[in-house]
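Inspection log for the structure reproduced underneath, given as structure tokens.
The values are calculated or read from the model by the stated rules, or taken from the named source; none is laboratory data. Being a predicted model, the structure only gives us computed values, none of them experimental. When we count neighbours, we look across all protein chains shown, and the Cβ atoms used for this are built from the backbone with ideal geometry, even at glycine.
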Amino acid sequence: MIFKEGDSFEIDYEVTEKIYNGFIDIFNDRNPLHTDEKFAKERNFTGKVMHGAILTGFLSNFIGEGLPEKNVIVLSYKISFIKPVYLGGKLKLFAAVNEIFPSVNCINIKYRFEDPARVTVSKGEVSIKII
């Protein structure tokens, strides 16, 4: 296995107009919290809150493109949304191999997304299997 406990990774992401609009176009999630500036501000947010699934998409990118091993499948995601992310939000993903299960070729990775002020906006775990 090419992974060892403690291996760590960092990757930068940004919620661009293209990503935001693409998500809405593909999944048709037009909840006003995500699409209506006035609605979001009336609920004490500073603007439209980005869909949490966009962060899950960033995780998918990290698993598929950011890891040194490409022959993997995701077994499970656990994600907690702590702070809202807004359009144009810049995020840094910090991830580290937490556990390795060599008998079944699986690893568990803990991760967090931080904004430029180093505030954690989301965190969780992902389990993957090397195939």
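Residue count for the range 1-29 satisfying the condition of being within 19 Å of Glu114 (Cβ to Cβ), of a type in the set (A, V, I, L, M) and either at pLDDT below 95 or in contact with a Phe, Trp or Tyr (Cβ under 6 Å, 6 or more places away or on another chain) (or both): 1. Of the residues making up the range 7-56, not one is over 14 Å from Pro84 (Cα atoms), in contact (Cβ under 8 Å) with a residue 12 or more places away in the chain and in contact with a Pro (Cβ under 8 Å, 6 or more places away or on another chain). Please verify whether Phe113 is over 22 Å from Gly22 (Cα atoms), of a type in the set (Phe, Trp, Tyr) and either touching a Lys or Arg at 6+ places or on another chain (Cβ under 8 Å) or surrounded by fewer than 14 Cβ atoms within 10 Å (Cβ to Cβ) (or both), treating the condition exactly as stated. In short, no.
Which ones in the range 54-78 are touching a helix residue (DSSP H, G or I) at 6+ places or on another chain (Cβ under 7 Å) and under 19 Å from Ile19 (Cα atoms)? Answer for the range 54-78, where residues must be touching a helix residue (DSSP H, G or I) at 6+ places or on another chain (Cβ under 7 Å) and under 19 Å from Ile19 (Cα atoms): just Ile54.
Picking from residues in the range 30-54 that are among the β-branched types (Val, Ile, Thr) and surrounded by 13 or more Cβ atoms within 10 Å (Cβ to Cβ), the one that is farthest from Glu114 (Cα to Cα) is Thr35.
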